[in-house]
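Participant: First, the structure itself, so that you have it in front of you.
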Amino acid sequence: MDENGLREVRLTDPEIAAAIAEEERRQQDSLELIASENLASRAVRQAQGSVLTNKYAEGYPGARYYGGCRHVDRVEQLARLRARQLFQAEHANVQPHAGAAANLAVYLAFLKPGDRILGMNLAHGGHLTHGSPVNITGRYFEAYSYGVDRASGLLDMEEVRREAALIRPKLLIAGATAYPRRIDFAAFEEIARAVGAILMVDIAHIAGLVAAKLHPSPVPHAAVITTTTHKTLRGPRGGAILCRRQYARRIDQAVFPGLQGGPLMHVIAAKAVSFKEAQQPEFISYQERVLENIQVLAEELRGYDFDLVTGGSDTHLLLLDLRSKDITGVEAEQLLESVGITANKNAVPFDPRSPRVTSGLRLGTPAITSRGMGPEQIRLIARLINEALACRTEEAALGKIRQRVCELCRAFPIDQVKKVPAGG
Ligand code: DSN
């Protein structure tokens, strides 16, 4: 949103306009290292801000419960087609409002309350909706979890196999939010088959890498795949489900009428635009740079004696164990925010601290790479992170770091994201 885009909001609601403008300034003047965030293109944001928000379209293309759906039908058909093409999937549902809703729809499609599910432990890098006791998925289902190996920090496939054989879950869930390494979907498929479980893979974090074929795809291995559209995939905030043709009806019915009401057609239009962007060669080079940048960040931080969970990364994110730096995750998050670097505290596997404090920090390169930053800037960012932690009580030194962050941000405007060629 630029000045012009906010003109009407400013007239109608100056308080909200001011908050939006300040948030835009915050995004421009700080370095976004939250691994699950990105910068959607103007094209995506324009589609999301369009008149499609006015339209009710409960149902699916060609079978709606409202009149006047011919144009939004085209939008949803294109979104579904592009999602299928992008991931080589047999069926796509683009209506989930979020990743959590996509996951819930899968549970509704395949499970009854009390059924057993097995997913990655949230405290080891899983997700709330994979069976955490504080989430509906841990309360309505009999949820079990597997974790990573204490010494290596790597997913322990033998543990997954053992747990699955013991528990015999109806649904086996793969996917993570704070796991920096590749996930072996073929091994999950084999385990699911051996115990008669349905395999669901949540690729919310790595969807962009999978679309660019820079991370192995779960599509040949899993019955159903869920994702968000706003992380590495760089679309609007939302969710989607991919599945085999045989499950299409079941999934569609679970999303609507099972779980949701009217689809957000403006968001679906923005998803369609982002899927088109992701089909362009520029998107593959963007994802390659995301991976190159994370490698540079890992190497630099190792050089400053940071402890990286698993020793490094194969994806867009890193998990730092800060215990050797004598600072908690929450302190590091706040300290870095004070110098204009945004990241999030994160539990490390077997973390002795609570989730509100944590011993870790999760860092990702999707957003800074979208701004055009490369290895030179990443080296500077690693140095600034190290300096900020080293002089955490020295106001003057922190002020200088804040200044360097500002200068770097000014040289890389957030709105330079531009990827869609005409036609195609
Ligand atoms: N909140 C997301 C993340 O930051 O990874 C997961 O849903």
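The values are calculated or read from the model by the stated rules, or taken from the named source; none is laboratory data. Treat the numbers as computed from the prediction; the structure is a model and nothing was measured. Quick reminder, even Gly has a Cβ in these numbers, built from the backbone with ideal geometry, and neighbours come from all protein chains shown. Heavy atoms of the whole protein, side chains included, go into the accessibility calculation; ligands, DNA and RNA do not. Shrake-Rupley method; radii C 1.70, N 1.55, O 1.52, S 1.80 Å.
Participant: Viscosity 1.567 mPa s, temperature 4 °C: what is the translational diffusion coefficient of region 273-369 from Stokes-Einstein with a Kirkwood Rh over Cα pairs, rounded to a whole number of µm²/s? Walk me through the intermediate numbers first.
Facilitator: Working: Rh = 14.4 Å.
Using the Kirkwood radius from Cα pairs, D works out to 90 µm²/s.
Participant: Tell me the carbon and sulfur percent of the accessible area for the chain, rounded to whole percent, probe radius 1.4 Å.
Facilitator: About 51 percent, which is the carbon plus sulfur part of the accessible surface.
Participant: Given a Förster radius of 35 Å and the C-beta distance between Gln295 and Arg249 as r, what FRET efficiency does 1/(1 + (r/R0)^6) yield to the nearest 0.05? Spell out each step's value before the answer.
Facilitator: Working: r = 43 Å, r/R0 = 1.23.
The calculated FRET efficiency here is 0.20.
Participant: Further, regarding this structure: Greater than 21 Å separation of Cα atoms is the criterion. Which listed pairs, Lys213/Lys276; Lys231/Lys276; Lys55/Lys276, meet it?
Facilitator: Among Lys213/Lys276; Lys231/Lys276; Lys55/Lys276, the Cα-Cα distance tops 21 Å for Lys55/Lys276.
Participant: Counting only complete DSSP H runs, which helices of the chain cover 18 Å or more along their long axis at the Cα atoms and score a mean Kyte-Doolittle of -0.5 or above? It would help to have the intermediate numbers written out before the result.
Facilitator: Details: long enough: 14-29 (22 Å, -1.18); 70-87 (26 Å, -0.75); 265-278 (19 Å, 0.68); 281-303 (33 Å, -0.33); 375-390 (22 Å, 0.36); 395-411 (24 Å, -0.09).
Answer set is 265-278, 281-303, 375-390, 395-411.
Participant: Still on this model: Let me know the shape class of region 106-198, please: from the alpha-carbon gyration tensor, a ≥ b ≥ c as square roots of the eigenvalues, rounded when a/c is under 1.5, otherwise prolate if a/b is greater than b/c, or oblate.
Facilitator: oblate
Participant: Compute the Cα gyration tensor for the chain, then decide on rounded, prolate or oblate, letting a ≥ b ≥ c be the square roots of its eigenvalues: rounded whenever a/c is under 1.5, prolate when a/b is larger than b/c in the other cases, and oblate in all that remain.
Facilitator: Taking the square roots of the gyration eigenvalues as a ≥ b ≥ c, the chain is oblate.
Participant: Using a Cα-Cα cut-off of under 21 Å, which lysines could be cross-linked to Lys325, ignoring same-chain neighbours fewer than 8 residues away?
Facilitator: Lys345
Participant: Once you have a ≥ b ≥ c as the square roots of the Cα gyration tensor eigenvalues for region 312-424, tell me rounded if a/c is under 1.5, and otherwise prolate or oblate according to whether a/b is larger than b/c.
Facilitator: It is oblate, given that a/c is not under 1.5 and a/b is not larger than b/c.
Participant: May I pose another question? Return the whole-Å distance between the Cα centroid of region 199-216 and the Cα centroid of region 229-267.
Facilitator: So the separation of the two Cα centres works out to 16 Å.
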